[in-house]
Amino acid sequence: MKTWLVVGLAACGKAPNRIPDPRPLDLAAINALVPDSLKADLVFEAAQLEISSDYARETFAVAMPKDWVGERTGPLAIELHAPNKLGTFTKLRIGIGAGGDGDKPQDWHAVSRKSELDLSKSITIEKDEHSPTDHLLVYTNDTIAPRFHIIYVWWRPGGTAYYSCMATVDGPATQAEAAFEHVCKSITVASKS
């Protein structure tokens with residue numbers, strides 16, 4: 001199992017949540033969504049991603065694509081890039097978001113919609129599903145083909161932050177869009193601080 005560590009400073013107050021997340025990490029189901037034509041190049045394996053700040057230390061259990069390269073993309077996020085043979089822009093980003101009000105619970109749907117779910121671009125919405133504790137948006141960009149963007153944000157009622165998983169899949173990886181969607185929706189979060 002791979003472990004990634006991202007350390008940064010955050011404007012979020014105390015640790016966002018302390019309750020383990022019940023989402024299952026089902027690698028067999030995720031890998032079954034990868035088409036046969038990509039199975040040699042795209043395999044998901046169990047990994048842990050830890051993001052730390054002055055206020056929070058979160059560990060994510062994630063189905064990570066094997067052999068992808070990761071980099072920190074902000075104080076509370078990591079982005080993994082696919083080998084070029086899966087598409088030049090294919091990537092997966094996981095992070096923690098806060099609305100700037102410190103440790104106060106907020107309307108995370110509204111906050112995440114403003115910061116993560118920017119719909120001001122020229123896009124075609126393929127899927128837009130939300131509940132009281134999460135929001136999934138899948139869209140394509142009308143000017144760039146073929147490319148899918150998957151944005152999944154989730155939070156806990158009364159929590160002081162939200163979590164996000166964003167995947168961009170282009171080129172051959174577009175055939176595995178459903179696998180990336182499942183990856184985002186199955187991430188498990190547990191605080192360590």
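The values are calculated or read from the model by the stated rules, or taken from the named source; none is laboratory data. The model shown is predicted, which means the values in this text are computed figures rather than measured ones. Quick reminder, even Gly has a Cβ in these numbers, built from the backbone with ideal geometry, and neighbours come from all protein chains shown.
Residues being modelled with pLDDT under 85, among the charged types (D, E, K, R) and not in a strand (DSSP E or B) are represented in the stretch 46-55 by at least one member. Within the stretch 3-45, the set of residues being part of a strand (DSSP E or B) and either exposed (fewer than 14 other Cβ atoms within 10 Å of the Cβ) or at pLDDT below 50 (or both) comprises Thr3, Trp4, Leu5, Val6, Val7. Would you mind stating whether Glu129 is among the acidic types (Asp, Glu), closer than 23 Å to Ala61 by Cβ and at pLDDT below 80? Criteria not met by Glu129.
Scanning the stretch 129-150 for residues that are in contact with a Leu (Cβ under 7 Å, 6 or more places away or on another chain) and crowded, with 21+ Cβ neighbours inside 10 Å, which turns out farthest from Leu80 (Cα to Cα)? Result: His135. Residues in the stretch 153-193 that are in contact with a Ser or Thr (Cβ under 6 Å, 6 or more places away or on another chain), surrounded by 23 or more Cβ atoms within 10 Å (Cβ to Cβ) and closer than 26 Å to Pro35 by Cβ: Val169, Ala173. In the stretch 85-105, of all residues being surrounded by fewer than 19 Cβ atoms within 10 Å (Cβ to Cβ) and at pLDDT below 85, the one that is nearest to Met166 (Cα to Cα) corresponds to Gly100.
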